[in-house]
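Novice: Please find one structure pasted underneath; my questions will follow.
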Amino acid sequence: PLGVSSRCPHVRGGVAAISSQCHSNWRLGHIGLDLAARGLSPDEILRLLASYDPHFNDYRQVGIVTMDGAAAAHSPPKGAAWTGHRVGEGFVAMGNGLAGPQVVDAIYDGFARNAGVDFAERLVRAIEAGYAAGGEPKGQASAGLIVAAPDCERPLVDLRIDMANPLPKEGGDAVKDLRRAFDAYKPLIPYYADYWLDHPDVSYTEWQSRAA
């Protein structure tokens, strides 16, 4: 689908990360974050979301990771093509409309084996691993990356490829577009996180030269 990152992921620094996807319901993300802020576990949150949304069990795919590393997920029986998930220690790998379970396995393994690298880079590598394993057969129309931190009021990274150019049927690939965007933005994460706020007179090129 297009614009996936504007609807599916919901992240609040120091609280939780939640994704409502497949037949996504963005309201579940907002409610889930509020419940996580109250100290509820991922399993408890899933149960409450199921009681709130009558379409939850059949259509919604939801994954939750709270600040303490607890994680849980639900995948619906009516997801497009292959739909499923795997829950790891402090993370969830999941997807819908996929080529098969090997895609989620690759995302899971890609994240797990890169424990020693920068967290945002680790996420991108996991996405790339899923794509290499088959991804979505109809094409990778959109992709996104959101990373938050406990001491930051807004995400440190919020990159979105809302429509691959050209469109997937013409050979476009949102995963490759995301990698290009991330590689360009990664060196500037500290600059835009806080430095720029108090130093509007310093361009990012000047900042980079000072940091070199």
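The values are calculated or read from the model by the stated rules, or taken from the named source; none is laboratory data. Keep in mind that this is a model prediction, so the values were computed, not measured. A quick note on method: Cβ atoms are made from the backbone with ideal geometry, for glycine too, and the neighbour counts reach across all protein chains shown. Note: accessible area is taken over every heavy atom of the protein model, side chains too, but ligands, DNA and RNA are not part of it. Shrake-Rupley method; radii C 1.70, N 1.55, O 1.52, S 1.80 Å.
Novice: Looking at residue 114 and the list (1) surrounded by 16 or more Cβ atoms within 10 Å (Cβ to Cβ); (2) at pLDDT 95 or above; (3) within 15 Å of the chain's Cα centre (by Cα); (4) not in a strand (DSSP E or B), which single condition is not satisfied?
Specialist: (3)
Novice: Hey, another quick one. Does residue 93 meet the test of being open to solvent by 20 Å² or more (accessible area, probe 1.4 Å), touching a Phe, Trp or Tyr at 6+ places or on another chain (Cβ under 9 Å) and either at pLDDT 95 or above or basic (Lys, Arg) (or both)?
Specialist: So residue 93 fails the test.
Novice: I would also like to ask the following. Out of the stretch 1-32, which residues are in a helix (DSSP H, G or I) and without any contact (Cβ under 8 Å) to a residue 40 or more places away in the chain?
Specialist: Residues satisfying the conditions are 7, 26, 27, 28, 29, 30, 31, 32.
Novice: From the residues in the stretch 32-75 that are open to solvent by 60 Å² or more (accessible area, probe 1.4 Å) and touching a Pro at 6+ places or on another chain (Cβ under 9 Å), which one is nearest to residue 13 (Cα to Cα)?
Specialist: This residue is 67.
Novice: Of all residues in the stretch 164-198, count the ones that are outside any helix (DSSP H, G or I), open to solvent by 70 Å² or more (accessible area, probe 1.4 Å) and either among the basic types (Lys, Arg) or at pLDDT 85 or above (or both).
Specialist: Going through the stretch 164-198 one residue at a time, the tally reaches 0.
Novice: Residue pairs, Cβ under 8 Å, 6 or more apart or interchain, first in the stretch 109-121 and touching a residue at least 12 places away in the same chain (Cβ under 8 Å), second open to solvent by 80 Å² or more (accessible area, probe 1.4 Å) and outside any loop (DSSP other than H, G, I, E, B). List them.
Specialist: 110/125; 111/125; 114/125
Novice: Just to check your reading of the model, which residue among 146, 127 is open to solvent by less than 50 Å² (accessible area, probe 1.4 Å) and modelled with pLDDT of 90 or more?
Specialist: When all the criteria are applied, what remains is 146.
Novice: Could you tell me which residue of the stretch 130-143 is surrounded by the most Cβ atoms within 10 Å (Cβ to Cβ), considering only residues that are assigned to a helix (DSSP H, G or I) and small (Gly, Ala, Ser)?
Specialist: Filtering the stretch 130-143 for residues that are assigned to a helix (DSSP H, G or I) and small (Gly, Ala, Ser), the one surrounded by the most Cβ atoms within 10 Å (Cβ to Cβ) comes out as 130.
Novice: Which residues, counting only those in the stretch 96-108, are touching a residue at least 40 places away in the same chain (Cβ under 8 Å) and crowded, with 19+ Cβ neighbours inside 10 Å?
Specialist: Selection gives 96 alone.
Novice: Moving on to the next point. Do we have residue 48 as free of Cβ contacts under 8 Å to residues at least 40 places away in the same chain and either touching a strand residue (DSSP E or B) at 6+ places or on another chain (Cβ under 9 Å) or closer than 18 Å to residue 145 by Cα (or both) here?
Specialist: The answer is no for residue 48.
Novice: If you don't mind, another one. In the stretch 15-31, what count of residues is obtained for those that are more than 20 Å from residue 161 (Cβ to Cβ) and either in contact with a Ser or Thr (Cβ under 6 Å, 6 or more places away or on another chain) or open to solvent by 40 Å² or more (accessible area, probe 1.4 Å) (or both)?
Specialist: Summing the residues that are more than 20 Å from residue 161 (Cβ to Cβ) and either in contact with a Ser or Thr (Cβ under 6 Å, 6 or more places away or on another chain) or open to solvent by 40 Å² or more (accessible area, probe 1.4 Å) (or both) in the stretch 15-31 gives 6.
Novice: Limited to the stretch 76-85, what total is found for residues that are modelled with pLDDT of 95 or more and open to solvent by less than 30 Å² (accessible area, probe 1.4 Å)?
Specialist: The total comes to 3.
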